[in-house]
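Engineer: Below is a structure I'd like to ask you about.
The values are calculated or read from the model by the stated rules, or taken from the named source; none is laboratory data. These numbers come from a predicted model, not from an experiment. A quick note on method: Cβ atoms are made from the backbone with ideal geometry, for glycine too, and the neighbour counts reach across all protein chains shown.
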Amino acid sequence: MKTKNFKAYIAEFIGTCVLVVFGCGTAIAVNCSTDNIAAYLTTAVAFGLVIVAMAYSIGNISGCHINPAVSLAMLINKKIGVYDFVCYVVSQILGAIAGAGILRIFFDPADSGFGTNGIYDESIVKTLLIECLLTFVFVLAILGVTSKVKNAQVAGLVIGLTLILVHILGIYFTGTSVNPARSIGPAIFKMGDAIKNVWLFIVGPLAGSAIAGFVWKAIGNKD
């Protein structure tokens, strides 16, 4: 999908902003933790539902990536060009920052995790591996379901459900990023360890996305 369309960049900004507000906002509001299964599952579902809502609203404008990792996989598979990739990523990061700024109006970062991600078991390697794995599964599902036009009506639902799936496992380990922009926004306002460690939630998801992109390029049906 080669756009070079300013409207697409605005759509990516809005979509990522909404993702942070409703996804991270829900995590903050329900005090998501592994000790509270209801809050845990509610947070997972919230992230998935945002994707469904945005997919069926801005999907026909920008493809509804709202995630630099997704845009990277699309670049690898030549669904977008370098120019669009850069503009998409900038729009997504700005949207995430705007979303975190909205949350800052309602929540004090000092009173909660503010929807940020954390290192698992004090291990950089484990954290990178889990984010890589979660993103690989998420992005591979996106590439698969969007590869055929006939899947268009169900693509948003499949992608949203897959995001719920990776959150159900991933929240336990890192809080689940699979999206560098979604991690950058809240980390900027939380500061401290959140901003210090945010690079893990940039590198991990991008690595998982790149692997998924090249795997799909190798096994995907070219027809």
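Engineer: Would you pick out the residues in segment 67-88 that are out of contact with any Phe, Trp or Tyr (no Cβ under 9 Å at 6 or more places or on another chain) and closer than 22 Å to Gly99 by Cα?
Structural biologist: Phe85, Val86
Engineer: I've got another one for you. Out of segment 170-223, which residues are assigned to a helix (DSSP H, G or I) and of a type in the set (S, T, N, Q)?
Structural biologist: Across segment 170-223, the qualifying residues are Ser183, Ser209.
Engineer: Under the condition of being part of a helix (DSSP H, G or I) and not aliphatic (A, V, I, L, M), which residue from segment 32-49 is surrounded by the most Cβ atoms within 10 Å (Cβ to Cβ)?
Structural biologist: Thr43
Engineer: Can Ile97 be described as of a type in the set (A, V, I, L, M), in contact with a helix residue (DSSP H, G or I) (Cβ under 7 Å, 6 or more places away or on another chain) and over 21 Å from Ser112 (Cβ atoms)?
Structural biologist: For Ile97, the condition - of a type in the set (A, V, I, L, M), in contact with a helix residue (DSSP H, G or I) (Cβ under 7 Å, 6 or more places away or on another chain) and over 21 Å from Ser112 (Cβ atoms) - is not met.
Engineer: Between a residue in segment 118-145 that is assigned to a helix (DSSP H, G or I) and any residue that is modelled with pLDDT under 95 and surrounded by fewer than 21 Cβ atoms within 10 Å (Cβ to Cβ), which pairs come within a Cβ distance under 8 Å, given they are 6 or more apart or on different chains?
Structural biologist: Close Cβ pairs satisfying both conditions: Leu143/Gly220; Gly144/Gly220; Val145/Asn151.
Engineer: With the requirement that a residue be out of contact with any Gly (no Cβ under 7 Å at 6 or more places or on another chain) and either in a helix (DSSP H, G or I) or basic (Lys, Arg) (or both), what does segment 75-85 give you?
Structural biologist: The answer is Leu75, Lys78, Lys79, Val82, Tyr83, Asp84, Phe85.
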